[in-house]
1. Among the numbered criteria (1) away from the ligand (no atom under 13 Å from the Cβ); (2) in a helix (DSSP H, G or I); (3) closer than 30 Å to Leu103 by Cβ, which one does Val37 miss?
2. Looking at region 97-118 only, could you name the residues that are without any contact (Cβ under 8 Å) to a residue 12 or more places away in the chain and over 22 Å from Ser62 (Cβ atoms)?
3. Spot the failing condition for Arg55; the list is (1) part of a strand (DSSP E or B); (2) surrounded by fewer than 18 Cβ atoms within 10 Å (Cβ to Cβ); (3) not aromatic (Phe, Trp, Tyr), and only one is missed.
4. Scan region 111-133 for residues that are touching a Leu at 6+ places or on another chain (Cβ under 6 Å) and β-branched (Val, Ile, Thr) and jot them down.
5. Tell me, which residue of region 58-82 that is under 17 Å from the mean Cα position of the chain (by Cα) and part of a loop (DSSP other than H, G, I, E, B) is nearest to the ligand (Cβ to nearest atom)?
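Where a number appears in this text, it was derived from the coordinates with a stated rule and is not lab data. Nothing here was measured: the structure is a model prediction, and the numbers come from that model. Note that each Cβ is placed from the backbone with ideal geometry, even for glycine, and that neighbours are counted across all protein chains shown.
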Amino acid sequence: MSAQHTGWQELRCKMEPIKREQVIAKYLSRTLDSQSVEEFEGHYLGCDECFDELRVSEHMASELRTSKLAWKQAEGVSVLQFRGAATLTHSAAELDELRREVLEQSDSRVIIDLGRVTKIDSAGLGQLMSCYSHLVRNQGTMKIVNVMPEVKKVMDMTGISSLIGTFRDEQEALNSFRN
Ligand SMILES: [Zn+2]
């Protein structure tokens, strides 16, 4: 890296807190020019203050972003759907969101629509299991619908699809609530 006497690298953190906030906000919203992006990226990796601040801001920004999940009601049952393609893997934001949504809602009859979930791993399976046990503990139940082949394979292999009722589509699951 070339030594620039005006670069952030050498300033360590002489950046004013307000200036830092502005740079980070612009960096996260991708409105910094490429030169500044390069300088900032070169800087924050070596600067604890900026690094921490960036992580906090990033976290807040992701909380503010529209939820990846949405509830709807069908025949008195709460159906949780993903708004877009999603993965239920250990580092995915969807995992936390799924848990929050299921644990915070009060309806005990829940259908999880996995129609847009392209991938699942042990963390995802664990989360589904903990949602399921939570509902069962509260005299409720959870059913899973629209499972994609890749995800179904993993769920079948681990026996989870036979433990948690798994149905082809929403209507089938709704019918099963009536029986
Ligand atoms: Zn800094």
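1. (3)
2. Ser106
3. Of everything listed in (1) part of a strand (DSSP E or B); (2) surrounded by fewer than 18 Cβ atoms within 10 Å (Cβ to Cβ); (3) not aromatic (Phe, Trp, Tyr), Arg55 misses just condition (1).
4. The answer is Ile112, Val117, Ile120.
5. Filtering region 58-82 for residues that are under 17 Å from the mean Cα position of the chain (by Cα) and part of a loop (DSSP other than H, G, I, E, B), the one nearest to the ligand (Cβ to nearest atom) comes out as Arg65.
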